[in-house]
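Colleague: Before I ask anything, let me first share the structure, which is written out below as structure tokens.
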Amino acid sequence: MEKKVLKIGQITDTHIGGDASPVQGIDVRKNFLTAYNSETMKGLDLLVLSGDLADDASPEAYSYIAGILKNCKVPVCIIPGNHDDLGIMERYFDLKGKIRNGKCYYRYDIDGRSIFFLDSADGTVSSEQLSWLENETAKVDDEVLLFMHHPPCHCDHKFMDSRYALKNIEEVQTTLLKIGNIKRIFVGHYHSEMEERIGDKIVYVTPSTQMQIDPNASDFSRTPKGPGWRVIEWGENFLKTNVYF
């Protein structure tokens, strides 16, 4: 029997503050709700929040997001970003069984498909996670998806590549290139919409709901684009994905 087409929404880099005040002059709560309530996000099978949920890791920010998500009718998978504090996050979200040695990484199975999540919140993906990923993906015959916060490659983004790139890119790529059934990797962190390749793998960089950063400027510079998010449709023999602003 052919597997159903899974519809996955990805929201990343919401940078929610501790109260309703603007963050860097931006109404980040309104932007998050714009993505979350978008018509394009209707009929999801899974929602992924891929890091930097909070701007300053305040409990109030996580409490706000958890309050919105309590009405979510589909499963939600969450990973931390470099602005997050996992110890505080786990008070507000169900991360039971997903945290080992202070890192949040796990496999999530849905409708006969497997999706993997890694924790790069400290700017690296630990060797322990990479070994786990290699071992766990080997147990799955079909293609799997991978979500992480940092891109596992440079993205020709002058500002982010030079200052905030993943610190152990070579180590991560060495592992990824050994794993044949990971073909598509979904990330955030760069506050831009981009697509890069590592060997036979495509890295999809999803824009932020907070703001977008100009990839052509060496110094920090925002673009005028509004909040962005991604929708993925994953069928048995195809995957298509669109970004919306």
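Colleague: How much length is gained on full extension from K167 to E195, taking 0.36 nm per residue of separation minus their Cα-Cα distance? Each step should come with its number before you reach the end.
Modeller: Details: separation 28, 0.36 × 28 = 10.08 nm, distance 1.96 nm.
My answer for the length gained is 8.1 nm.
Colleague: Here is the link list: K103/K167; K158/K183; K96/K167; K30/K70. Which ones come out longer than 22 Å on Cα distance? Before the final figure, lay out each step's value.
Modeller: Numbers: K103/K167 16 Å; K158/K183 26 Å; K96/K167 28 Å; K30/K70 17 Å.
Where the Cα-Cα span goes over 22 Å, the pairs concerned are K158/K183; K96/K167.
Colleague: Compute the signed sum of charges (Lys and Arg +1, Asp and Glu -1) over the other residues within less than 14 Å, Cβ to Cβ, of C153.
Modeller: Once all neighbours under 14 Å are counted, the net charge is -3.
Colleague: Let me ask something else. All other residues with a Cβ under 10 Å from the Cβ of D52 taken together, and with Lys, Arg as +1 and Asp, Glu as -1, what is their net charge?
Modeller: -3
Colleague: Return the single residue from H154, H191, H15 with maximal mean-square fluctuation; model: Gaussian network over the chain, springs between Cα atoms under 10 Å.
Modeller: Sorting by GNM fluctuation, first place goes to H154.
Colleague: Leaving ligands, DNA and RNA out of it, work out the accessible area of D109 with a 1.4 Å probe and give it in Å² to the nearest 10.
Modeller: Ignoring ligands and nucleic acids, D109 comes out at about 90 Å².
Colleague: May I pose another question? What length, rounded to one decimal in nm, is gained on full extension from T124 through to A217, with 0.36 nm per residue of separation minus their alpha-carbon distance?
Modeller: 31.0 nm
Colleague: At a Förster distance of 30 Å, what's the computed FRET efficiency of V5 paired with E39, Cβ-Cβ distance as r, to 0.05? Let's see the in-between values first.
Modeller: Values: r = 18 Å, r/R0 = 0.60.
With a Förster radius of 30 Å, E is 0.95.
Colleague: Probe radius 1.4 Å, ligands and nucleic acids ignored: give me the carbon and sulfur share of the accessible area of the range 123-176 as a rounded percent.
Modeller: For the range 123-176, the apolar C and S fraction of the accessible surface comes to 43 percent.
The values are calculated or read from the model by the stated rules, or taken from the named source; none is laboratory data. The shown structure was predicted, so the numbers you read here are calculated from the model rather than taken from an experiment. Here the Cβ is made from the backbone with ideal geometry for all residues, glycine too, and neighbour counts use every protein chain on show. For accessibility, only protein heavy atoms count, side chains too; no ligands or nucleic acids. Shrake-Rupley method; radii C 1.70, N 1.55, O 1.52, S 1.80 Å.
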